[in-house]
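The values are calculated or read from the model by the stated rules, or taken from the named source; none is laboratory data. No experiment lies behind these values; they were computed from the predicted model shown. No Cβ is skipped: glycine too gets one built from the backbone with ideal geometry, and neighbour counts run over all protein chains shown.
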Amino acid sequence: MEQLALYGGQPVIGTDRSLPNLFPRDIAPKAYDFVKEVLDSGFHPIRGMAERFEHKFAKMNNARYALSVSNCTSAIHTALAALEVGSGDEIVVTSISDYGSLAGVLALNAVPVFSDIDPDTGNVNAELIAKCITSKTKAIIVVHWHGSICDMDPIVSLAKDNGIPVIEDCCQCPFGEYKGKKAGTMGDIGCFSFDAEKHLSTEHGGMVLTNNKELYDKAFKFAISRGAYEVPGYGRKYDVIGLNYRYGDLEAAVGMAQLDTIEQQNARRVASADRLMDKIATIDGVIPISIAPGSSCLFWIFPVIFQMERFNTDIRTIGEALSTEGITGCSHLPYYFFVDACDYLEQSCERERYPGALKYISRTVRWVWNDKYTEEDVDLMYKAIKKVADYFRASE
Ligand SMILES: Cc1ncc(COP(=O)(O)O)c(C=O)c1O
């Protein structure tokens, strides 16, 4: 048995070559021209480039309205505010995600009602969401986790039957598709992130996408106008509590250029991830995640599921072993389970109500995927995963 790097052996990756780092991110060359345009304009008019970015983003997603904001945490806060969510309203939200999916719910004093997830997909589904709906449910937030689009048809039809709007958190899947429809256009509002690690990066940034003019106007008033309306001869008055979540024209300038290359980058990312999905399916005790029929998966993170009953260690050690073999950043992911991670949540004492989420965090490791990975990189990752699985696999 080959000794693991974790215990002093030779790592699979890193001796001859390391995996390409996500940073520095590839910046589309036209970004320099767009940035110069903003600088030459002396920032006048403010939102000029942001508006151009919004129009281009909306058009490429076959949506009517896009509103750029400072990040996705603020995009989701804005979406909830546009839906007039307030104190005591219940918001159904997945139990596994980045904190940014939840922050807006808490900021509005609404009550998160966590939906359990399917441990094989990492996503919520209509059946699990249905268990969370009550007469107080004001909205449903679905997260297309890993970049894999949730099975949206049953979710949208459940939401319509109950008259509840759906927010799609598309941070991990910009331009992903489900049955020919773009991520973020199947529910009522889609929210996106352009942070430094995301598919389309402008260092920071976010977007609210909708086909509903009224929701767009409310989102604009909350996130850009700070809740104000104009009174002729007086000036600004405020009839709702708003914020300033404005996105910068300089970041939008980068975004304008990045939109030209995002689809090729996504294609490269998916091709290499699909190669690894096929390869790990051949390792005894290791399974790739399931993806809903008709969904694309854009692999912001790459998950690997270990059937833990087959191994004589825990998932944390597996993550550490893979990281030391050279899959840098690979780890288990307990802190994505809100119920455990947020000390102040009342739901924390009820963690056993989420068997799917508990199963998911106890047998899944992941690392941030990267569109620079070559076939050779993928083959090295496969070798590392096989080595770790072979080492820890319990004898029958
Ligand atoms: C699913 C999901 N939602 C929300 C966020 C928050 O995005 P931002 O950092 O742009 O606020 C992230 C960031 O990683 C995310 O992955």
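Scanning the stretch 130-148 for residues being buried (at least 19 other Cβ atoms within 10 Å of the Cβ) and farther than 20 Å from residue 340 by Cβ gives a total of 8.
Would you say residue 169 is buried (at least 20 other Cβ atoms within 10 Å of the Cβ), within 16 Å of the ligand (Cβ to nearest atom) and at pLDDT 95 or above? Considered against the rule, which asks whether it is buried (at least 20 other Cβ atoms within 10 Å of the Cβ), within 16 Å of the ligand (Cβ to nearest atom) and at pLDDT 95 or above, residue 169 comes out as yes. A search for C-beta distances below 7 Å between a residue of the stretch 1-20 that is over 14 Å from residue 391 (Cα atoms) and in contact (Cβ under 8 Å) with a residue 60 or more places away in the chain and any residue that is in a loop (DSSP other than H, G, I, E, B) and of a type in the set (Asp, Glu), counting only pairs 6+ apart in sequence or on different chains, returns 13/325. I'd like to know if the stretch 268-281 contains one or more residues that are crowded, with 19+ Cβ neighbours inside 10 Å and in a strand (DSSP E or B). Within the stretch 268-281, not a single residue is crowded, with 19+ Cβ neighbours inside 10 Å and in a strand (DSSP E or B). Of the residues making up the stretch 176-199, those that are in a loop (DSSP other than H, G, I, E, B), touching a residue at least 40 places away in the same chain (Cβ under 8 Å) and more than 12 Å from the chain's Cα centre (by Cα) are 179, 185, 187, 188, 196.
Pairing residues of the stretch 284-301 that are closer than 11 Å to residue 121 by Cα and of a type in the set (Gly, Ala, Ser) with residues that are within 16 Å of the ligand (Cβ to nearest atom) and assigned to a loop (DSSP other than H, G, I, E, B), at Cβ distances under 8 Å and at least 6 apart in sequence or on separate chains, gives 290/121; 292/121; 292/123; 292/149; 292/150. When we screen 220, 306 for residues that are over 30 Å from residue 48 (Cα atoms) and either within 23 Å of the chain's Cα centre (by Cα) or surrounded by 19 or more Cβ atoms within 10 Å (Cβ to Cβ) (or both), the only hit is 306.
Within the stretch 352-384, the residues that satisfy the criterion of being under 23 Å from the mean Cα position of the chain (by Cα), under 22 Å from residue 118 (Cβ atoms) and of a type in the set (D, E, K, R) are 359, 363, 366.
Identify, by number, the condition in (1) loosely packed, with under 15 Cβ neighbours inside 10 Å; (2) under 18 Å from residue 96 (Cβ atoms) that residue 344 doesn't meet. Of everything listed in (1) loosely packed, with under 15 Cβ neighbours inside 10 Å; (2) under 18 Å from residue 96 (Cβ atoms), residue 344 misses just condition (2). All told, residue 249 falls short of being more than 16 Å from the ligand (Cβ to nearest atom), within 16 Å of residue 83 (Cα to Cα) and buried (at least 19 other Cβ atoms within 10 Å of the Cβ).
In the stretch 350-373, of all residues being surrounded by fewer than 21 Cβ atoms within 10 Å (Cβ to Cβ) and among the acidic types (Asp, Glu), the one that is modelled with the lowest pLDDT corresponds to 350. Look at (1) away from the ligand (no atom under 15 Å from the Cβ); (2) within 20 Å of residue 91 (Cβ to Cβ) and you find that residue 189 fails only one, number (1).
Rundown of residues vs (1) polar (S, T, N, Q); (2) within 26 Å of residue 193 (Cβ to Cβ), yes/no style:
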{"residue": "273", "(1), (2)": "no, yes"}
{"residue": "276", "(1), (2)": "no, yes"}
{"residue": "284", "(1), (2)": "no, no"}
{"residue": "289", "(1), (2)": "no, yes"}
{"residue": "307", "(1), (2)": "yes, no"}
{"residue": "317", "(1), (2)": "yes, no"}
{"residue": "352", "(1), (2)": "no, no"}
{"residue": "355", "(1), (2)": "no, no"}
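One line per residue, one yes/no per condition, for (1) assigned to a strand (DSSP E or B); (2) crowded, with 24+ Cβ neighbours inside 10 Å; (3) of a type in the set (A, V, I, L, M, F, W, C); (4) away from the ligand (no atom under 16 Å from the Cβ):
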{"residue": "76", "(1), (2), (3), (4)": "no, yes, yes, no"}
{"residue": "86", "(1), (2), (3), (4)": "no, no, no, yes"}
{"residue": "117", "(1), (2), (3), (4)": "no, yes, yes, no"}
{"residue": "121", "(1), (2), (3), (4)": "no, no, no, no"}
{"residue": "128", "(1), (2), (3), (4)": "no, no, yes, yes"}
{"residue": "150", "(1), (2), (3), (4)": "no, yes, yes, no"}
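With respect to (1) within 15 Å of the ligand (Cβ to nearest atom); (2) in a helix (DSSP H, G or I); (3) over 26 Å from residue 364 (Cβ atoms), the lone exception for residue 68 is condition (2).
Every condition in (1) within 15 Å of the ligand (Cβ to nearest atom); (2) outside any loop (DSSP other than H, G, I, E, B); (3) not acidic (Asp, Glu) holds for residue 138 except the one numbered (1).
Within the stretch 192-217, restricting attention to residues that are aliphatic (A, V, I, L, M) and within 16 Å of the ligand (Cβ to nearest atom), the residue that is surrounded by the most Cβ atoms within 10 Å (Cβ to Cβ) is 208. When the stretch 39-53 is filtered for residues that are away from the ligand (no atom under 16 Å from the Cβ) and buried (at least 22 other Cβ atoms within 10 Å of the Cβ), only 49 remains.
In summary, residue 108 fulfils each of the numbered conditions (1) of a type outside the set (Gly, Ala, Ser); (2) in contact with an Asp or Glu (Cβ under 9 Å, 6 or more places away or on another chain); (3) near the ligand (Cβ under 9 Å from one of its atoms) with the single exception of condition (3). Listed conditions (1) within 16 Å of the ligand (Cβ to nearest atom); (2) part of a loop (DSSP other than H, G, I, E, B) are all met by residue 81, apart from (2).
May I ask you to say which residue of 242, 235, 206 is on the phi > 0 side of the Ramachandran plot and at pLDDT 95 or above? Steps first, answer last, please.
On the way: 242 fails: on the phi > 0 side of the Ramachandran plot; 206 fails: on the phi > 0 side of the Ramachandran plot.
Selected residue: 235, the only one of 242, 235, 206 that is on the phi > 0 side of the Ramachandran plot and at pLDDT 95 or above.
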